[in-house]
Amino acid sequence: MANTMREMCLAPNGQAEILQGNIAFAAGCVRGGVHAADGYPGTPSSEVIDRGLSQVQDMIQVGWSVNEAVASAVGHGHSLAGRDCVVTMKIPGVFQAGDIFTSGALFVRQRGALVYYIASDFTPSSTQHTIDPHYLFKSCFVPVYEPRTHQELHESAALAVEIARAYKTQVVIMPHGNLCHSEGLIHLMPIQQREPVDMPADLRGFNVLPNIARKNYDIVLSERLPALFEMVESSPLNHWERGDGKIGVITYGIGDMYIREVKRMSGRDIDILSLAFTNPLPVKLIREFCASITGEIYVIEDGYRYLQEAVEQTGIQVIGKEPYSMLTEWTPALVAQKLGVMTLPTKTTAAPVPRPPIICAGCPYRLFAQEVALLKKKKQLDVIFGDIGCNSLLYFMNALDTALAMGASEGERMGYVLSRPEQSGRCLSVIGDGTECHSGLAATRNAIFRNAPGVKVILDNSWIGMTGGQPTLTSPANLAGEPIRFNLPESLKAHGANVVVVGAYEKKNIRQALKTALAEADKGNFTTIVVSDGSCIQKVPAVTQRVYVDPEACSKCNACLICPGLELDAEGVPFANILCSGCGGHTPACVQMCPTGVLKAVDLLDLNLPAMPEYAEPPQDFEISAAPADNYPARLSIAIRGVGGQGNLFFGHVLTQLAFLAGYGEKNIIKGETHGMAQMGGPVISTFGCGDVTSPVLLPGTADCLIAMEKSELLRPGFLGMLKPGGTVLLATTRIIPFGLAEDQYPSDEKIQQSLGDCHVIEVDALGKALELGDRSGRTANVVMMGVLSTLPPFDVFPPGLWLKALKKANSKPAVWAANYAAFQAGRDEASRW
């Protein structure tokens, strides 16, 4: 297996890899000969560029643009230069780029390929709406390919380029978010090279003047669309899997995975028509399939009812979603229930702990949020108009009320005060720097243009934080590492704004700036406050600064408890926990909240903590007395729940490495995981399966083992129901009480035990064991649990050496490997005492 993106791009054809869907697509772009890629970060699409193509910029022209519309225009520019380009975004991005997307759809001359990679999130997990874009794509006559597996996703860019060139059209690839973020087994596609299209010197045909647009439309309807219909009808990518003809299912995309999982586990001989393209639809093939079924025909699709309605319009009766169904994403369990082919176990549990996503410990937004929440409490602020991004999370701090779309906050505020002028000094808009540069600056100009009084606050953390810290105009450098010359405050001033810049970790200055600006709004003036000098805490190098209070001096007023990085000890005295980031070396926010000034910023070196452990030198290779591969279980699956930051994703990654080393690459290996806002202190689930598995989402009653890294997380709906009869629940004793939740609201041990019922449960103090080893962060608790798991059936069939080899392959950095080796052995030692 390859270790880096570059190795994946150059490895031999057919080499097996286990890749996240977005990374599989990225590798396919390079191996498929795509010349360029552009985009704007948006979960679940960001990793294509962020973790993939950005690592091989000498092999493909790649960059982030300031928004999706600009990225789409950049893509058009590449295509007019004769080069093939992929543009990445999530579904809301295609609406932001709607003018360019729709206008460009009707260009009919030969050019380089333009491929839109539009990742869906119909739950939604980290998207602001669930609008189904299939209807837009159909109205634009654009072919839409929806990959069903990681292999198809890997090969999809090259396929889309061929279609785009052959039919002189832009193409949409729309993968499901679960496919983008799960990991699956692929075999690397052949490396291709494709020469740019030889473009004419005269590009006047690529214009949207009305007479040209009308001619283009006529050509699309008379030539392109009939050809596309013929292509999809005869495409070998449509899969018709014949069964006994009693039950038929029509599906596409990840629905194919779910239905095959249900078919495999139920033993029912279901007929499946799995479509590769959702626009245009192969109507003749659908008719032929339906005519072959003697029983009921079902349509399984995410989003709204696009496919179902299209089939019904042909006069064929199918069963899908009800007219007002609230279902937007299927799961294998919901599919099985709909088809009526399996009786699934259910388990009633106590209510789980609410874990809304929160801003990170040490986030530069925190003091601003505290001041705004205080103004609301004092009835001095009525409404805060928010935006999209990390600032959205201020909602959970009572420091933000509304949110609409990227860049909309200031426009909303302006409309509100135009209707209610007396409210000018009693409301404000809030936006992040990335979103201001994305589309918010237009609203700033509009407020200046309209002379609309009020206050706009830009929270500048120098990065696009919500999607993983991608560069924006306020970052130190762009994706290519080139310094950025843009200066946000100076740009705002040049537009005519009255700009006040204040430090993110300056509580008193923030308070004064807000007070003054709101007073000026009452006088009819517009002020833009830029809260700056506080980089995203995830991008700041680790510091040794922490906080400390003398227990004798502390009044125990709890005024400092504004951050998840600070908690109370058994005596009610605040202390910095493992989440504390020291506010990146700035004056800590909690210190500024202390009314008596006894909470101090200190250096870890001054706290006389025990020295960091020096782990014994771990082995670098392992003797593996492996059992014959044919003695390994035909199928293994596991689900892991925890809280963001506990290492669930790493746990799953080790399991995929283990399965690959054990030979399951000859069958299948798949892993699903949570991404997006759920990782910001919220609930996280990882699933893993190998052997006779298809779906990254498990059916109830099929998991060999359930692991809860935080004890109350096993109460999440459907989690305990995943366990198969005779399976094991591996339960950490760790309690993580969400910030702001009273301790008596946390489920009691009695309620947790009642919910477990007669499950076979093994409790492990994984965090305690990690701390005993000297791991102050407790981050190796997941590896302690891994060590325990390696001793339990059916996972004990794999030799310890194989586990260790997988663990080292997942992260071979010497310090990390030494700590992980010690934690793994500690877990095995703990299990041996039972």
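The values are calculated or read from the model by the stated rules, or taken from the named source; none is laboratory data. It should be emphasised that the depicted structure is a prediction, and the values quoted were computed from it without experimental measurement. Cβ placement follows ideal geometry from the backbone for every residue including glycine, while neighbour counts extend to all protein chains displayed. Areas reflect the complete protein model, heavy atoms only, side chains present, ligands, DNA and RNA absent. Shrake-Rupley method; radii C 1.70, N 1.55, O 1.52, S 1.80 Å.
Mind running the shape call on the range 703-814? Use the C-alpha gyration tensor, a ≥ b ≥ c as the square roots of the eigenvalues: rounded below 1.5 for a/c, prolate if a/b tops b/c, oblate otherwise. Cα axes put the range 703-814 in the oblate bin. Assuming a ≥ b ≥ c are the square roots of the Cα gyration tensor eigenvalues, decide whether the range 25-114 counts as rounded (a/c under 1.5), prolate (otherwise, with a/b larger than b/c) or oblate. It comes out oblate by the Cα gyration axes. Amide hydrogen proximity for GLN470: with H placed 1.01 Å from N in the peptide plane, the residues at 5 or more positions away or on another chain lying under 5 Å are ILE464. Using C-alpha pairs under 8 Å with a sequence gap of at least 6, the mean separation divided by the residue count of the range 737-815 gives a relative contact order of 14 percent.
Net length available on complete extension from LEU404 to GLN380 is 6.3 nm, with 0.36 nm assigned per residue and the Cα-Cα distance removed. Amide H contacts for GLU183 (H built 1.01 Å from N in the peptide plane; partners 5 or more residues away or on another chain; cut-off under 5 Å): LYS671, GLY672.
For the range 782-831, what % of the accessible area comes from carbon and sulfur atoms, probe 1.4 Å?
Answer for the range 782-831 is 55 percent, counting heavy atoms of protein chains only.
To the nearest 0.05, how large is the calculated FRET efficiency for GLU296 and TYR324 if R₀ is 22 Å and r is the Cβ-Cβ distance? Calculated transfer efficiency: 0.55. A simple spin-label model places the labels of ALA442 and PHE229 3.6 nm from each other, with each point 7 Å out along Cα-to-Cβ. Label separation (PHE622 vs VAL66): 5.1 nm, computed from points 7 Å beyond Cα along the C-beta direction. Here the range 142-292 carries DSSP beta bridges of which approximately 40% are antiparallel, counting only pairs with both residues inside.
Ranked by the mean number of other Cβ atoms within 10 Å of their residues, highest first, the peptides 166-173, 146-153, 102-109 come out as 146-153, 166-173, 102-109. Its relative contact order, with pairs defined as Cα atoms under 8 Å and 6+ residues apart, puts the chain at 10 percent. Here the range 377-408 is scanned for amide nitrogen atoms under 14 Å from the site 7 Å beyond the Cα of ARG450 along Cα-to-Cβ, giving 408. At an R0 of 25 angstrom, the distance between the Cβ atoms of GLU288 and GLU162 translates into a FRET efficiency of 0.45.
Among the listed values (i) 41, 33, 30; (ii) 57, 32, 23; (iii) 42, 39, 25, the one matching semi-axes √(5λ) of the Cα gyration tensor in Å as calculated from this structure is (iii). Averaged per residue, the chain has 40 square angstrom of accessible surface, using a 1.4 angstrom probe with ligands and nucleic acids left out.
Modelled spin labels at ARG242 and ASN631, positioned 7 Å past Cα toward Cβ, are 4.2 nm from each other.
Taken about its Cα centre, the chain carries a charge dipole of roughly 1480 debye when the Cβ of each Lys and Arg holds +1 and the Cβ of each Asp and Glu holds -1.
Between the beta carbons of ARG716 and ALA559, assuming R0 = 41 Å, the FRET efficiency works out to 0.80 to the nearest 0.05. Loop-located chymotrypsin sites (Phe, Trp or Tyr not before Pro) across the range 307-365 with a Cβ neighbour count of 13 or fewer within 10 Å are TYR324, with loop assigned by DSSP. Between THR596 and GLU750, full extension at 0.36 nm per residue minus the direct alpha carbon distance yields a gain of 51.4 nm. Each peptide in 400-410, 715-725, 516-526 gets a packing score, the mean of other Cβ atoms within 10 Å over its residues, and the list from highest to lowest is 400-410, 715-725, 516-526. Packing around the peptides 693-699, 538-544, taken as the average count of other Cβ atoms within 10 Å per residue, puts them in this order, highest first: 693-699, 538-544. Taking a ≥ b ≥ c as the square roots of the eigenvalues of the Cα gyration tensor, the range 274-404 is prolate, since a/c reaches 1.5 or more and a/b is larger than b/c. Across the range 502-658, the mean sequence separation of Cα contacts (distance under 8 Å, 6 or more residues apart), normalised by length, yields a relative contact order of 20 percent.
A full extension of the chain between ASP198 and LEU741 corresponds to an added length of 189.1 nm, given 0.36 nm per residue minus the alpha carbon distance.
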